[in-house]
Amino acid sequence: MPKIAKELGALEVGRLKDAGLHAVGGVAGLHLQVTPAGSRSWILRAVVGGKRRDVGLGAFPAIGLADARRLAREFRERAAAGVDPVAEREAAKQALIAAQEARVTFDEASRQFIRAKESEWRNAKHGAQWTATLTNYASPVIGKLAVGDVELSHILRILEPIWATKTETASRVRGRIESVLDWAIVRGYRKGDNPARWRGHLDKILSKPSKTKEVEHHTAVPVDDLGAFIESLRKREGIAAKALEFLILTAARSGEVREAVWSEIDLNKKVWVIPKERMKAGREHRVPLSESAIKLLQALPRKEGSDVVFPAPRANFLSDMSLSAVMRRMQVDAVPHGFRSTFRDWAAERTNYPRDVAEMALAHAIGNKVEAAYRRGDLFDKRTRMMEEWAKFCDKPQVGASVVPIRAKTKASAGK
């Protein structure tokens, strides 16, 4: 047992400035340690389990002399009872660290999940949509909560206010919350069931999304009014008007057209190859170009130093509202995406082309897994003939057709 040093008073301890260990008495092995830099802390030298230990008891003067002696006595008493206070303290420290690491908030879990998954998503816009919906709807309710503390009541507080009025958005929010919480369960940040799951859980509380609100389709120009619309569109100046016409002739999506680059287009072979990274289905898509589409492309001005087919005046690409703006200025009650519905109606009602040829032209994913497994070709030759006929139809205004007014909606199918 170490020799008990002379018991120093608080004032005497306060005067200890020389670097080294200074025994302060009162409890065997208790020292004030002074570093060469002048910082001071309490050290207890004791034997624990047959091994000598130098145990830190805290900084001086935050811990005063009386408290240091009390802590030292408690340590010695526990060591004498066969407990290793050092190991016990280290275990408590590790348990605290583990608990703190496990207490990940929903906002942080969302950020980590999106970072982990963003490489498999089609583009950065998809990740931005995830972030936006979770930030706007989930974060105000559960953002600062630990993912392990999220319960059904929280999920309902998020979803119920928007389930009937913003059904599609609410359904997406629910699915994204479910994915984040699934990730948290796998990572060990929460235990038990996922309160955001639909099947066998929320489907017993909330109404089925497809039955909650009638699907609103993209407003489209009717088939009979298309020729008159094209005739009027071709009288307008500007790159956005040209992009809109190209969108109609190819039945492509707005983003596919706006981000098109010349390296994707072969004017000689009359084909536009859209890489899988820019396709909704994640597969490369070949678009046959009609004579009208080729003439439109050949007449386009080239922007020096840019490979973009439809460049914006002060940016690389046209904005996602630029094509819609053209239609608003034309006072047409429809949206660019609606032309895909117009094309689909034309193919179904005015031609004998099989359904799968039109669906392939629209780059729709094959819903039947068996059919998708056996489908190898892309029906390119048939689509080439169909798109040429479509272009010729677009060139001929129907008798009695007009651009304005145009009916607001068509009976187009959902998802076109």
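Quick notes on this one:
- Residue in segment 217-230 that is assigned by TED's automatic domain parsing to the domain that holds Ser324, closer than 18 Å to Leu323 by Cβ and in contact with a Leu (Cβ under 8 Å, 6 or more places away or on another chain) present: no
- For the residues Leu297, Leu233, the requirement of being in the same structural domain as Met330 (by TED's automatic domain parsing), touching a residue at least 40 places away in the same chain (Cβ under 8 Å) and within 17 Å of Pro336 (Cα to Cα) singles out Leu233.
- Of the helices (runs of 4 or more DSSP H) that lie entirely inside segment 203-287, those containing 2 or more residues that are among the hydrophobic types (A, V, I, L, M, F, W, C) span 226-233, 239-250.
- Residue within segment 150-169 that is among the aromatic types (Phe, Trp, Tyr) and free of Cβ contacts under 8 Å to residues at least 40 places away in the same chain present: no
- Within segment 146-200, being in a loop (DSSP other than H, G, I, E, B) and crowded, with 16+ Cβ neighbours inside 10 Å holds for Val150, Tyr189, Arg190, Asn194, Pro195, Ala196, Arg197, Trp198.
- Applying the criterion of being of a type in the set (S, T, N, Q) and in contact (Cβ under 8 Å) with a residue 24 or more places away in the chain to the residues of segment 236-269, the residue that is surrounded by the fewest Cβ atoms within 10 Å (Cβ to Cβ) is Ser263.
- Residue within segment 1-22 that is surrounded by fewer than 17 Cβ atoms within 10 Å (Cβ to Cβ), among the hydrophobic types (A, V, I, L, M, F, W, C) and in a strand (DSSP E or B) present: yes
- Residue among Arg302, Arg350 that is more than 34 Å from the chain's Cα centre (by Cα), in contact (Cβ under 8 Å) with a residue 60 or more places away in the chain and surrounded by fewer than 17 Cβ atoms within 10 Å (Cβ to Cβ): Arg350
- Entry remark, segment 335-345: residues being over 29 Å from the mean Cα position of the chain (by Cα) and farther than 18 Å from Leu289 by Cβ number 3 in total.
The values are calculated or read from the model by the stated rules, or taken from the named source; none is laboratory data. Since the structure is predicted, the reported quantities are computational estimates derived from the model, not experimental observations. No Cβ is skipped: glycine too gets one built from the backbone with ideal geometry, and neighbour counts run over all protein chains shown.
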